[in-house]
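Visitor: To start, I am sharing the structure in question, which I have written as structure tokens.
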Amino acid sequence: MLASWFHRVDPFLIWAFRLLPAGALAFVVGCAVLALLAVVVGGVSSLLVQGLNRGWYRRQYEEMIRMHNISVDAVAHGSKDAYLAANKEAMEAFGKYFFSQAGVFTISLWPVPVILAWMDLRFRDAPLEIFGWNISYFVVFLVVYIGVRLVVGPRLKFLTPYRRLCAWAEHREGITPRHFEDIGKE
């Protein structure tokens, strides 16, 4: 079944490798186009999940900040025991929130194994020769993907639809933590 699906999407994916005449540069350009597709689709998927669950994420974030603020207040009042108790709760809330956000990030990676599975069907027996070295499609794609993600990923917010999706998925607005440096400045 999966092979059947790959054969149906094959014409849409292979065109990226035919933008230039066959060769190493054409392969790298094809990988770059698929990497760009993976970054955009993964980013949108991640934002959709974050937006659909933003109420839950907001409650987790609020709890983390609330307990942190209580610990800052305890320091301001000189209560070590209250600080230790509140800080422990704040750290537990931070752990929950941190790993929920790590999960959101991993959602953005789902297109990579799908593209690599398709590339395996297409390029398994065709290593790319660069400077006399045979390099597999896997290595080439991952290196290109990482580069595209680092360069293009942060710039997606310049696109209006993506920026709107980011605003819809936002769950931290209006919640501000207190800072230990501010103790005594009130």
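Visitor: Could you give the alpha-carbon Rg of the range 37-170 over 2.2 N^0.38 Å, rounded to two decimals?
Guide: The value comes to 1.51.
Visitor: What does the helix-only formula give at 222 nm for the chain: each DSSP H stretch with n ≥ 4 adding -39500 (n - 2.57), the total divided by the residues, and the result rounded to the nearest 500 deg cm²/dmol?
Guide: -24000 deg cm²/dmol
Visitor: Okay, moving on. Among the aspartates and glutamates, which have Cα under 14 Å from the Cα of residue 88 when same-chain residues fewer than 8 positions away are ignored?
Guide: 63
Visitor: Under 8 Å for C-alpha pairs, at least 6 residues apart: give me the relative contact order for the chain, rounded to a whole percent.
Guide: Contact order relative to length: 33 percent.
Visitor: Could you sort the peptides 151-161, 61-71 by per-residue average Cβ neighbour count (10 Å cutoff), highest mean leading?
Guide: 61-71, 151-161
Visitor: Which ³J(HN,Hα) values, rounded to whole Hz and listed in residue order, are derived for the range 110-121 from phi using the Karplus coefficients 6.51, -1.76 and 1.60 in 6.51 cos²θ - 1.76 cosθ + 1.60 with θ = phi - 60°, glycine and proline given as x?
Guide: 4, x, 4, x, 5, 5, 5, 5, 5, 4, 4, 5
Visitor: Note the full-extension length gain between residue 102 and residue 41 as 0.36 nm times their separation in residues minus their Cα-Cα distance, in nm to one decimal.
Guide: Roughly 20.2 nm would be gained on extension.
Coordinate-derived values only; no laboratory data. Just so it is clear, the structure is predicted and the values come from calculations on it, not from any experiment. All Cβ positions, glycine included, derive from the backbone under ideal geometry; neighbour counts span all protein chains shown.
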